[in-house]
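Colleague: What follows is a structure written as structure tokens; I'll ask about it next.
Please treat every number below as a calculation from the coordinates, not as lab data. Remember, predicted model here, so these are calculated numbers, not experimental data. When we count neighbours, we look across all protein chains shown, and the Cβ atoms used for this are built from the backbone with ideal geometry, even at glycine.
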Amino acid sequence: MRGGHVFVDESKKQDYLLVAAVIIPGELALARKTVRGLQKPGQRRLHMVKESPARQHTILSTLGTLGAQVTIYQAGAGYRTNIERRAACLERLVENIAEAGCARLMLESEQGEEERDRRLLYRETGRHGCRDSLAYDHATAAAEPLLAIPDAIAWAWARGGDARRRAEPLVDGVVRL
């Protein structure tokens, strides 16, 4: 998606999952409004693990209307640590979004990961020729509501069963590393 904005979150429940949701710039405002509309009064962010099953279903159904292009990067036992898994997923993600011409990458803030991510992203954006065209940053889900999209899909995919079945129509592809 040329010019797309990419929102990324992870799950470490079983295999390491890095979920990337791409939204085109013209749809960002409506998508943010829709996600904020899902928040209960006083709720700072959506977080699937804290929602009731009925709300989880509603959230996934509503997120499915946003038209995000979602890819799951899955790194399993071939890597020794979650640090290695995250790096492998981010490397492939940057390759993919560089090819797609995406303009912005927003990762959910993960304590202890930001500096490592910045070094990796600097290296990989240089390697893929998009250092000047791909902006990247970290944010909390409270500050960037669209981080709820990869959060919800990562939660559902890792949970499996009915939750995964409900998320499957939202996922365009799974990249196994």
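Colleague: Amide H of Y16 versus every other amide H placed in the peptide plane: which residues, excluding those fewer than 5 positions away on the same chain, fall under 5 Å?
Modeller: Residues meeting the criterion, in which the H sits 1.01 Å from N, are A75.
Colleague: Output wanted: per-residue J couplings in Hz (rounded whole) for the stretch 73-83, from phi through Karplus 6.51 cos²θ - 1.76 cosθ + 1.60, θ = phi - 60°, x for Gly and Pro.
Modeller: 9, 10, 10, x, 5, x, 10, 7, 10, 5, 5
Colleague: Please list, in order along the stretch 21-35, the HN-Hα scalar couplings obtained from phi with the Karplus expression 6.51 cos²θ - 1.76 cosθ + 1.60 (θ = phi - 60°), rounded to whole Hz, x for Gly and Pro.
Modeller: Taking θ as phi minus 60°, the curve returns 10, 9, 10, 6, x, x, 10, 5, 4, 5, 5, 4, 4, 5, 5 Hz for the stretch 21-35.
Colleague: Separate question: In terms of modelled amide H atoms, which long-range or inter-chain residues lie less than 5 Å from the amide H of L105?
Modeller: HN-HN under 5 Å from L105: V6, A135, Y136, D137.
Colleague: Still on this model: If I fit a long axis through the Cα atoms of helix 114-127 and take the longest principal axis of the Cα atoms of the chain, what angle between them do I get, 0 to 90°, rounded to 10?
Modeller: Long axis of 114-127 versus the principal axis of the chain: about 60 degrees.
Colleague: Next up: Only four residue types carry charge here, +1 at the Cβ of Lys and Arg and -1 at the Cβ of Asp and Glu. Report the dipole size of the chain about the Cα centre in Debye, rounded to the nearest 20.
Modeller: With only Lys, Arg, Asp and Glu charged at Cβ, the dipole is about 400 debye.
Colleague: Right, here's the next one. Nearest-5 percent of antiparallel DSSP beta bridges in the stretch 5-176?
Modeller: The antiparallel fraction comes to roughly 50 percent.
Colleague: HN-Hα J couplings of the stretch 6-16 from phi, Karplus 6.51/-1.76/1.60, θ = phi - 60°, integer Hz, Gly and Pro as x?
Modeller: My calculation for the stretch 6-16 gives 10, 10, 10, 9, 9, 9, 10, 4, 10, 5, 7 Hz in order.
Colleague: Just flag the GluC sites (Glu not before Pro) in the stretch 1-78 sitting in loop per DSSP whose Cβ has no more than 13 other Cβ atoms within 10 Å.
Modeller: Answer in residue order: no site qualifies.
Colleague: Another one. Can you grab the distance from the C-alpha centre of the stretch 77-116 to the C-alpha centre of the stretch 117-177, Å, no decimals?
Modeller: 8
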